[in-house]
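Everything below concerns the one structure shown next.
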Ligand code: FES
């Protein structure tokens, strides 16, 4: 009987670092990223996060994108923490 491989798959560039990260959308605020993560631009170049826990802008008003600089408060940005409705793909799965 064939035995399952014990070799770990090679990590890809898209793979989450071991231990992973937690991303929390804060109500009316940024995305807080905690844990073991890499921050890269769309070309794969490393972005120095400068600290272990970071806030990523999701309001579009920050002057230091991709990081939050608090501008969401002055802009009156409003968004829930949890999704207000399922994503379209999730709706399709429910209909199966
Ligand atoms: S979420 Fe804070 S500046 Fe955009």
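Any read-out appearing in this document is the output of simple, stated calculations on the displayed coordinates, not a laboratory observation. What you see is a predicted model, and the numbers here were worked out from it, not measured in a lab. Cβ sites come from the backbone with ideal geometry, for glycine too, and all protein chains shown count toward neighbours.
Normalised by the number of residues in the stretch 29-79, the mean separation of alpha-carbon contacts (under 8 Å, six or more apart) gives a relative contact order of 37 percent.
Pull out the extension gain between residue 77 and residue 34, defined as 0.36 nm times the separation in residues minus the alpha carbon to alpha carbon distance; nm, one decimal.
Extending this stretch completely gives an extra 13.3 nm.
When peptides 73-79, 45-51, 61-67 are ranked by their average number of other Cβ atoms within 10 Å per residue, the highest-first order is 61-67, 73-79, 45-51. Diffusion of the stretch 29-79 by Stokes-Einstein, at 37 °C in a medium of 0.692 mPa s and with Rh set to the Kirkwood radius over alpha-carbon pairs, works out to 283 µm²/s.
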